[in-house]
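Read through the structure below, which is laid out as structure tokens, and then see the notes.
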Amino acid sequence: MTAPSPVTPSAKPSPQPAIILIDPQLGENIGMVARAMLNCGLTDLRLVRPRDGWPSESANAASSGALEKGVIVRVYDTTQDAVADCQVIMATTARPREMIKTVHTPRAAIAAIRDDITARGLTCGVLFGAERSGLQNEDVAIADAVITVPLNPDFTSLNLAQAVLLVGYEWISAQTTTPDTVFTTGTTDIASKETVLGLVGRLESTLDAHHFFRSPEMKPSIARNLVNLFTRMRMTDQEASTFHGIISALSGAKTALSARAAAKRGGNSGN
């Protein structure tokens, strides 16, 4: 295991929390953690006593390139060394520890960390324990607060990369301006009300011309239903054009059938 050089507090704190793995066992899990981190824009990975040593070919393979594309790994002999430059530490655990600690959900924890980093200029880190046993009480004791994911109380087991991804997702979600829902229309635009109502008017007239309305009383109600239907669906200009084509095709087919029927009747009457 490579011993790190002495840690000296940086004059400019990292603009993101460090992910600190205590006693990670499998290189594959470290690699998957790195992949989850880079998915979420996190690049500061610290390892304390990795069981299989470092560097690790299995970690590189499992990281899908994350260890080559941005995640920086540092290795430490003790938790104290790994957090020496941090001013705020949070520890992830699913078990009650009989300690007086503030317990956050990942979302609340990241909100607090983000505020500490951006508003107060503090250096922050998040501790994750070994795959089999999690964090030791001594590691939790040095944390300012605890992060617990609200899961099924009868089964709270997460693998290491899953736990990191849950925290990392809250971090990137707090940074992004992506809207919760986007309605994509490709190269066309949402049809104007003029376009939609014009289409509905043409459909109504076509239905009327082909005797769809069995009585005058039903026409206003059906017309309103058609307006509700076509305005609710957020029709695009392209869809409106397509529907006009459908009306034309069906109207033409109906007209052609009527003409052929009339011609047949005329032919029969001459015999």
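The values are calculated or read from the model by the stated rules, or taken from the named source; none is laboratory data. Small disclaimer: the values here were computed from a predicted structure and weren't measured. Neighbour counts are summed over all protein chains in view; Cβ atoms, including those assigned to glycine, are modelled from backbone coordinates with ideal geometry.
Annotations for the structure displayed:
- Those residues of region 223-271 which are of a type in the set (Val, Ile, Thr) and at pLDDT below 65, in sequence order: THR255
- The set of residues in region 174-211 that are over 19 Å from ASN228 (Cα atoms), in contact with a helix residue (DSSP H, G or I) (Cβ under 9 Å, 6 or more places away or on another chain) and of a type outside the set (D, E, K, R) comprises ALA174, GLN175, THR185, GLY186, THR187, THR188, ALA209, HIS210.
- Residue in region 79-90 that is more than 24 Å from LEU122 (Cβ to Cβ) and either assigned by TED's automatic domain parsing to the domain that holds ASP144 or not basic (Lys, Arg) (or both) present: no
- Within region 60-79, the set of residues being closer than 25 Å to THR156 by Cβ and either of a type in the set (A, V, I, L, M, F, W, C) or surrounded by fewer than 17 Cβ atoms within 10 Å (Cβ to Cβ) (or both) comprises ALA62 only.
- In region 54-67, the residues that are more than 14 Å from LEU21 (Cβ to Cβ) and either modelled with pLDDT under 95 or not in a helix (DSSP H, G or I) (or both): PRO55, SER64, GLY65
- Residues in region 88-108 that are of a type in the set (Gly, Ala, Ser) and in contact with a Cys (Cβ under 7 Å, 6 or more places away or on another chain): 0 in all.
- Within region 69-114, being acidic (Asp, Glu) and modelled with pLDDT of 95 or more holds for ASP77, ASP81, ASP85.
- Each residue in region 55-106 was checked for being among the hydrophobic types (A, V, I, L, M, F, W, C) and touching a helix residue (DSSP H, G or I) at 6+ places or on another chain (Cβ under 8 Å), and 11 of them qualify.
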